[in-house]
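Trainee: First the structure, then my questions, so here it is.
Laboratory data are not the source of any read-out in this text; all were calculated from the coordinates shown. Quick caveat: nothing in here was measured; it's all calculated off a predicted structure. We place every Cβ from the backbone using ideal geometry, glycine too, and count neighbours over all the protein chains shown.
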Amino acid sequence: MNRIAIFASGSGTNAENIINYFSKDLNISVVLLLCNNPDAGVIVRAKRLGVPFRLFSKGEFDEIHALLRELKVDYLILAGFLLKVPDNLVASYSGRIINIHPALLPKYGGKGMYGMNVHNAVIAAKEKESGITIHIVDNMYDHGTTLFQAKCPIEAHDTPEDLAAKIHILEQANFPRVIKEYISSRL
């Protein structure tokens with residue numbers, strides 16, 4: 001059994017989708033949800049879904065690292081997690097931290113490029129398409145090996161909110177499946 005922990009900072013729709021996707025999986029199990037934002041909706045979702053969770057601050061990454069080892073977590077999934085993962089955690093989980101980004105990397109990545117910041121930038125640049133990138137996390141923001149990209153067109157009348165809705169559909173349709181395919185390919 002591969003044990004995964006989800007890191008999230010926001011509403012938690014991707015986290016909930018992942019939890020539900022793996023709820024009956026015989027090879028992958030969500031064993032923990034970690035959150036750095038006490039006001040995040042993902043906490044309510046974790047409670048409702050019966051997934052153990054831990055709220056933590058940026059200064060507690062060493063404790064989180066120890067907890068992950070204690071729980072024998074195999075993979076870390078970043079689902080709207082807004083803190084940079086410390087280098088020692090990236091080293092410990094090399095090739096086993098998966099992130100989703102709401103743009104077609106390498107465009108619109110890096111520090112501060114998350115959520116509506118990304119969609120506002122994409123619309124302001126008058127891009128013709130956007131999408132999602134699911135990638136392995138390394139020591140740089142939004143930089144690691146790309147596992148999967150999906151695209152969506154941007155119409156001339158689309159607002160950042162319209163684009164966010166299109167991106168959300170791509171995230172929900174693809175993120176859990178790509179996680180499963182990647183983990184399965186490493187067995």
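Trainee: Could you say whether any residue in the stretch 175-182 is under 22 Å from His119 (Cβ atoms) and either more than 13 Å from the chain's Cα centre (by Cα) or among the hydrophobic types (A, V, I, L, M, F, W, C) (or both)?
Mentor: yes
Trainee: Of all residues in the stretch 1-52 being free of Cβ contacts under 8 Å to residues at least 24 places away in the same chain and of a type in the set (D, E, K, R), which is surrounded by the fewest Cβ atoms within 10 Å (Cβ to Cβ)?
Mentor: That would be Lys24.
Trainee: Of all residues in the stretch 163-187, which are under 15 Å from Asn20 (Cα atoms) and not hydrophobic (A, V, I, L, M, F, W, C)? Show your work before the answer.
Mentor: Here is the first cut: in the stretch 163-187, the residues under 15 Å from Asn20 (Cα atoms) are 171-180.
Within the stretch 163-187, Glu171, Gln172, Asn174, Pro176, Arg177, Lys180 meet the criteria.
Trainee: Of all the residues that make up the stretch 127-144, how many are closer than 19 Å to Leu170 by Cα and under 15 Å from the mean Cα position of the chain (by Cα)? So that I can check it myself, show each step before the final result.
Mentor: Going through the stretch 127-144, the residues closer than 19 Å to Leu170 by Cα turn out to be 127-136, 142.
Narrowing further to those that are under 15 Å from the mean Cα position of the chain (by Cα): 131-136, 142.
Total satisfying the criteria: 7.
Trainee: If you don't mind, there's one more thing I want to ask. Do the conditions hold for Glu161, that is, is it touching a helix residue (DSSP H, G or I) at 6+ places or on another chain (Cβ under 9 Å), surrounded by fewer than 14 Cβ atoms within 10 Å (Cβ to Cβ), more than 19 Å from Ala15 (Cα to Cα) and touching a residue at least 12 places away in the same chain (Cβ under 8 Å)?
Mentor: Numbers: touching a helix residue (DSSP H, G or I) at 6+ places or on another chain (Cβ under 9 Å): yes; surrounded by fewer than 14 Cβ atoms within 10 Å (Cβ to Cβ): yes; more than 19 Å from Ala15 (Cα to Cα): yes; touching a residue at least 12 places away in the same chain (Cβ under 8 Å): yes.
Answer is yes for this residue.
Trainee: Of all residues in the stretch 121-136, which are assigned to a helix (DSSP H, G or I) and surrounded by fewer than 16 Cβ atoms within 10 Å (Cβ to Cβ)?
Mentor: Taking the stretch 121-136 as the starting set, the residues that turn out to be assigned to a helix (DSSP H, G or I) are 121-124.
Result: Ala124, single match.
Trainee: For the stretch 116-144, which residues satisfy the criterion of being among the acidic types (Asp, Glu) and in contact (Cβ under 8 Å) with a residue 40 or more places away in the chain?
Mentor: Within the stretch 116-144, Asp138, Asp142 meet the criteria.
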